[in-house]
1. Can you give the convex hull volume of the alpha carbon atoms of the stretch 21-149 per residue, in Å³?
2. Using alpha carbon centroids, what distance separates the stretch 1-62 and the stretch 145-210, in Å?
3. What's the percent breakdown of Cα-Cα distances in the stretch 4-268 across 5 Å bins, shortest bin first?
4. Lys and Arg at +1, Asp and Glu at -1: add these up for the other residues within a Cβ distance under 14 Å of GLU67 and post the number.
5. About its Cα centre, what dipole magnitude does the chain give when the only charges are +1 on Lys and Arg Cβ and -1 on Asp and Glu Cβ, stated in debye to the nearest 20?
6. log10 I(q)/I(0), Debye, Cα-only the stretch 1-73, no solvent, q = 0.14, 0.15, 0.17, 0.24 Å⁻¹?
7. Starting from the Cα coordinates of the stretch 126-166, work out the convex hull volume and express it per residue in Å³.
8. Can you give the calculated 222 nm mean residue ellipticity of the chain, where each DSSP H run of n ≥ 4 adds -39,500 (n - 2.57) and the sum is split over every residue, rounded to the nearest 500 deg cm²/dmol?
Amino acid sequence: MASAASGFALVTPASRGIGFALAQTLLSQTSLPVVATARKNCDEVRERLLSSKGLPSNAEKRLRILEVDVKDESTISSMADTIRREYPNTPLRLALTVPGILYVEKSPSQIDGASALDSFKVNALGPLLLMKHLSPFLPNKSGSAFPVTDDQLKLPSHAVYAMMAARVGSISDNASGGWYSYRASKASVYQIVKTFDLYLRSRCAERAIAVALHPGTVKTDFTKEFWKGRDMLEPLDAADRLLNVIARLPSDFDGGRGRCWDWKGEEVSP
């Protein structure tokens, strides 16, 4: 297993879809400890992850599943306490925060107040609260660069804090309308990640960056009603592409930090 100086990776949530695939890929392509979360059935999620093909023999020792519901801040705080206890003096090298929920509203008349509020709780407030409790684990400006490893996935020597956005959250790219609460709540992610990266520039300098990610249209239960007639990425393919985009992002102030990148490494304008 990697030393404490190599840091740890975190995926939340990782119970299905793109989050599950990201945790799989980190277990198979890196030697880092991987903290993954699920809202429920943590033992079942752990069993499914460890039954994935191509995992190294030490995957079981490296994987920790914690129960987190992003709509309940106490569970996020409890996760942070567990990390402090179980990974002392180990910095957060890679965070992938991917909570998402979609209510389809094709016209204003279809907007339901309770459902719209739920969208903002999961898609906007969830990432905000995760950032609040996870940011202390990122290396500060006096921290050492992460060592280069022999892993298949060559992570950069700085920390990356990534939030899952969506192209439909881009205001400049909105040409079709609809999906009011999803678009609005995902647009928030662009602002959150930009603001967080400005904070990291001061606290961490080039030791840590924040970015948003767009995974493309991924073939998961989340997108099931939109499969027909669309080009889709399989979850593992999307995860591999996103992680390789992350691996190439520089930490200098004029680089890609504070912006949104898609699975092809192209910027998605807010």
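1. In the stretch 21-149, the Cα hull volume divided by residue count equals 147 Å³.
2. So the separation of the two Cα centres works out to 21 Å.
3. Values per bin, smallest distances first: 1, 6, 13, 18, 21, 18, 12, 7, 3, 1, 0.
4. After counting each charged neighbour, the total is -1.
5. About 240 debye.
6. After summing over all Cα pairs, the log10 values are -0.38, -0.44, -0.56, -1.05.
7. Given the Cα convex hull of the stretch 126-166, per-residue volume reads 101 Å³.
8. For the chain, the value works out to -11000 deg cm²/dmol.
None of the figures in this text is laboratory data; all of them are computed from the coordinates on show. Because the structure is a prediction, the values reported are computed rather than measured. All Cβ positions, even for glycine, are placed from backbone atoms using ideal geometry, and neighbour counts span all protein chains on display.
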